[in-house]
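First comes the structure, then the notes that go with it.
Just so it is clear, none of the values below were taken in a lab; they were calculated from the coordinates. These numbers come from a predicted model, not from an experiment. Cβ: placed from backbone, ideal geometry, glycine included. Neighbour counts: every protein chain shown.
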Amino acid sequence: MRAMYKGLRYFRILFGTLFLTAVTLVFVDLGGRAAGLLQPVIEWQFVPALLGATSGSLCVLLLLLLLTLAFGRVYCSFLCPAGIFQDVVTRIANLFKSRKARRYTYAAPHRWLRYGLLTATLAAFLLGETALLLWLDPYSNYGRMAENLFRAGATGLNNVGAAAFPDTFYRISYKTFTAGSIAAGALFFSVLVVLSAWRGRLYCNTICPVGSLLGVLSKYSLFHIGISKAACTHCRLCERACKAQCIDGRTEQCDASRCVQCYTCTTVCKTNAIGLRFRYASRFRSAAVVDPQRRRVFLASAGLLGAAAAARALFPQARRLWPVESPKAIAPPGAQSIDHLKQYCTGCHACIARCPSKVIRPALGEYGLDGVMMPVMDYRYAFCNYTCTECSQICPNGALLPLTEDHKKTTQIGKAAFKAENCIVLLDETDCGACDEHCPTKAVHMVDFRDGLLIPEVDPTLCIGCGGCEYICPGRPDKAIVVQANPSHLTARLPVEEKQETIEVDFGF
Amino acid sequence: MERRNFIKSLTLGSIVGALGTPSKRLFASPAPAAADLVAVMGGEPEAMYSRAIAAMGGMRQYVKKGQRVVIKPNIGWDKRPELAANTNPLLVAAIVKDCLAAGASEVGVFDHTCDTWLKCYKNSGIEEAVKAAGGKMLFAHEERYYREVAIPNGKRLKSAKVHEAILDYDVWINVPVLKNHNGAKMSISMKNAMGIVWDRGYWHANDLQQCIADFATFRKRPALHIVDAYRVMTKNGPQGRSVNDVQLAKALFVSADTVAADTAALKFFNQYNPKMTLDEASHIKLGEQMKAGTTGIDRLTIQRIRL
């Protein structure tokens, strides 16, 4: 039996390491080559599967739920990048700890905190806000951490390589990183490192809403970790090895709602007393212990969720807690509307990592407080490539819905507005035309001004808001052409093409 | 004494002069080309190029054994070759091969693109064509690949950050595509040179036409301007919207004089758009005023070749 459990544990470590590497590569992939291939790994994340259930990931969600109902929280040890990352940290931290300090002891559950956070997250979600989920979901936080910290590190390494081998490696700009999102990534990184080095899976068992939700299901899973009373010698080796701190050696109980199925306990037991058990076999069924606190937590949660659902049903229009008026709140193509984005996006930054022109950046105030860290178009350093649809293809949440190239070319995320008073042509009476040059649809085009000079004019029905004109406009300090957000994306008119007759020509001189 | 000295110096001078003249012709500058300007019509890009370069005296006139050559096509846009926003990849590949055949030790190709550079290099077909021909693509997407140079003869443009390959390689060859341009009116060889510069916003903000002309006086001149007019974008330039902006013209113009090359190409283009004249695309005439070349192509030796 122990050999089997050891095998299972090694399989978990190998699988988890590979999976963590794959997820990390999706965010760190500098050349944009691996991301497309590895993209499926982020579709196996719980929150994206839940949010994307209406846009294609229902099967994944059901499979994840069935997996949990069969084996408990295996998701947390095999598929959750933040979970696996914590195991890595724990392992490294153990190198610096004394044998004694490495021992864990059973800890009582923090029910109010766990289920309070879960309920609040679900309630906000029911009200159409992903803001809480954005800050608590382990996948999205891990994504932000990988995108902002690991990709920055990889960029630095790449640039060292580019300095050493300038013909082989190209330099990558650091301009694509923003202080705000680096801070957000660093915050989560610090929390994870401190908590996991100190007390193993503390984050997963107190803060993580996914852990709490899967924990509730795990109480009813077919298989769970159980202790045979007959074989147990109360040596508490299993308790000491449990990084979830959920095994109570005195009562011979393993709290299934907190157990992350790491199988370490099963490999340390000398008497084979602890192992996977079929929950519904009468031999191992323990008498249900009714805990009055559990009941209170459950009732409070149910009440809050009911209230949220009722509020959503009664006031479907009023769910925006912070209405957005900013003309800078330009959501990436595929986002449909700011409302849609806020309902589905958890700010994992997969789109930001993937964007080839790096025009997508994490929002700070653009969408209001509940949209911080969501992707926003920033035309200061780049503009959106006309035929590119990569961000819409990678989003695992369905916050950015997939676009075809043709669809993208008419998706109007904003409209260019021309301010003649800042235009070089008017101010200096010299040719410019940089905006027209960058306009792929000719929504911005040059018309006669005076003395052979041309000045831009905008046809908003053709404009898709790609920001090429705004990015390139040399007007300083104020640009002469600026894209204004469409809070709900519209459809631009397809340019009418005049077929050009073939003209017969000679040298001409 | 005076007369003897005079005769001495005369003799010495003659000897130096006699030695000096052929040596100058052999090493300092190439032998005069067969033509000042070559125009070819009616063939595929490679065929037109090989006829044109032969008429210009062959690539060995311009590239010596062991020299490093940098080619600057237009790769500004994430567009397929059929849309004619970028230089024809077949032409670029033919030039790369020819330079290597002439003994070039290395041929690099780059552009400071407008669209995302990786997509431009790839979708223009130029990266693939250049690599297959034995050349290499150079990086040009970051400011650190550029170095500040003075433009002492410029009126508005006194300095610019120029790509290091232009400064460090021995020879540079300018390979624009002929197209309409709503900012500069036309984009030919003078405008194409803007793509070796980092801060182009300055040009737009400080009299674009004059800056283009000013930059044509930059000390390091291209050995050749090879104007691709196989497909010509006649409107909605420089990016174009669809194949409806493009005429299949099957032409090529080559000159060592940027103003002459642009004048010839503009006169050719004028047949598609009669409104487009030298007065319209004013940087060409300004280039002549800045002594970067001549618009008086009638006074040049022109070879017209029909395939």
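Tabulated data
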item: Meets criteria (in contact (Cβ under 8 Å) with a residue 12 or more places away in the chain and surrounded by 13 or more Cβ atoms within 10 Å (Cβ to Cβ)) for A:Leu25; result: yes
item: Residue list for the range A:373-389, restricted to those being surrounded by fewer than 19 Cβ atoms within 10 Å (Cβ to Cβ) and either touching a Pro at 6+ places or on another chain (Cβ under 9 Å) or closer than 25 Å to A:Leu132 by Cα (or both); result: A:Thr387
item: Residue list for the range A:214-251, restricted to those being closer than 17 Å to A:Pro81 by Cα and hydrophobic (A, V, I, L, M, F, W, C); result: A:Leu214, A:Ala244
item: Qualifying residue in the range A:462-479 (condition: of a type in the set (Val, Ile, Thr) and within 11 Å of another protein chain (Cβ to nearest Cβ)); result: yes
item: Selection within the range A:484-499 - surrounded by 21 or more Cβ atoms within 10 Å (Cβ to Cβ) and in contact with a Pro (Cβ under 8 Å, 6 or more places away or on another chain); result: A:Ala485, A:His489
item: Residue within the range A:404-417 that is buried (at least 19 other Cβ atoms within 10 Å of the Cβ) and within 21 Å of A:Val26 (Cβ to Cβ) present; result: no
item: Residue satisfying all of: in the range A:95-136; of a type in the set (Ser, Thr, Tyr) and in a loop (DSSP other than H, G, I, E, B); surrounded by the fewest Cβ atoms within 10 Å (Cβ to Cβ) among these; result: A:Ser98
item: Residue list for the range A:449-503, restricted to those being in a strand (DSSP E or B) and β-branched (Val, Ile, Thr); result: A:Ile455, A:Val458, A:Ile481, A:Val482, A:Val483, A:Thr491
item: Members of the range B:146-168 that are buried (at least 20 other Cβ atoms within 10 Å of the Cβ) and of a type outside the set (A, V, I, L, M, F, W, C); result: B:Tyr146, B:His163
item: Failed item, numbered, when B:Ala93 is tested on (1) in contact with a strand residue (DSSP E or B) (Cβ under 6 Å, 6 or more places away or on another chain); (2) buried (at least 24 other Cβ atoms within 10 Å of the Cβ); (3) outside any strand (DSSP E or B); result: (1)
item: Residue among B:Lys185, B:Lys220 that alone is touching a residue at least 40 places away in the same chain (Cβ under 8 Å) and crowded, with 22+ Cβ neighbours inside 10 Å; result: B:Lys185
item: Helices (runs of 4 or more DSSP H) fully within the range A:1-55 counting 2 or more residues that are charged (D, E, K, R) and closer than 25 Å to A:Val89 by Cα; result: A:2-28
item: Helices (runs of 4 or more DSSP H) within the range B:193-307 that include 1 or more residues facing chain A (nearest Cβ under 8 Å), in contact with a Phe, Trp or Tyr (Cβ under 8 Å, 6 or more places away or on another chain) and over 30 Å from A:Asn385 (Cα atoms); result: B:258-269
item: Residue check, A:Ala485 in contact with a Leu (Cβ under 7 Å, 6 or more places away or on another chain), under 30 Å from A:Thr130 (Cα atoms) and away from every other protein chain (no Cβ under 12 Å); result: no
item: Looking only at the range A:380-413, and only at residues there that are within 14 Å of chain B (Cβ to nearest Cβ) and assigned to a helix (DSSP H, G or I), the one that is nearest to A:Pro487 (Cα to Cα); result: A:Lys408
item: Any hit, the range A:164-174, residues being exposed (fewer than 14 other Cβ atoms within 10 Å of the Cβ), farther than 17 Å from B:His141 by Cα and not basic (Lys, Arg); result: yes
item: Answer from B:Ala229, B:Ala265, B:Ala205 - the residue that is among the hydrophobic types (A, V, I, L, M, F, W, C) and either over 22 Å from B:Ile305 (Cα atoms) or surrounded by fewer than 22 Cβ atoms within 10 Å (Cβ to Cβ) (or both); result: B:Ala205
item: Candidates A:Asp431, A:Asp448, filtered to the one that is surrounded by fewer than 21 Cβ atoms within 10 Å (Cβ to Cβ), more than 26 Å from A:Glu325 (Cα to Cα), among the acidic types (Asp, Glu) and without any contact (Cβ under 8 Å) to a residue 60 or more places away in the chain; result: A:Asp448
item: One residue from A:Gly153, A:Gly185, A:Gly143 being in contact with a Cys (Cβ under 7 Å, 6 or more places away or on another chain) and small (Gly, Ala, Ser); result: A:Gly143
item: Hits in the range B:96-139 - residues which are crowded, with 24+ Cβ neighbours inside 10 Å and β-branched (Val, Ile, Thr); result: B:Val96, B:Val107, B:Val109, B:Ile126, B:Val130
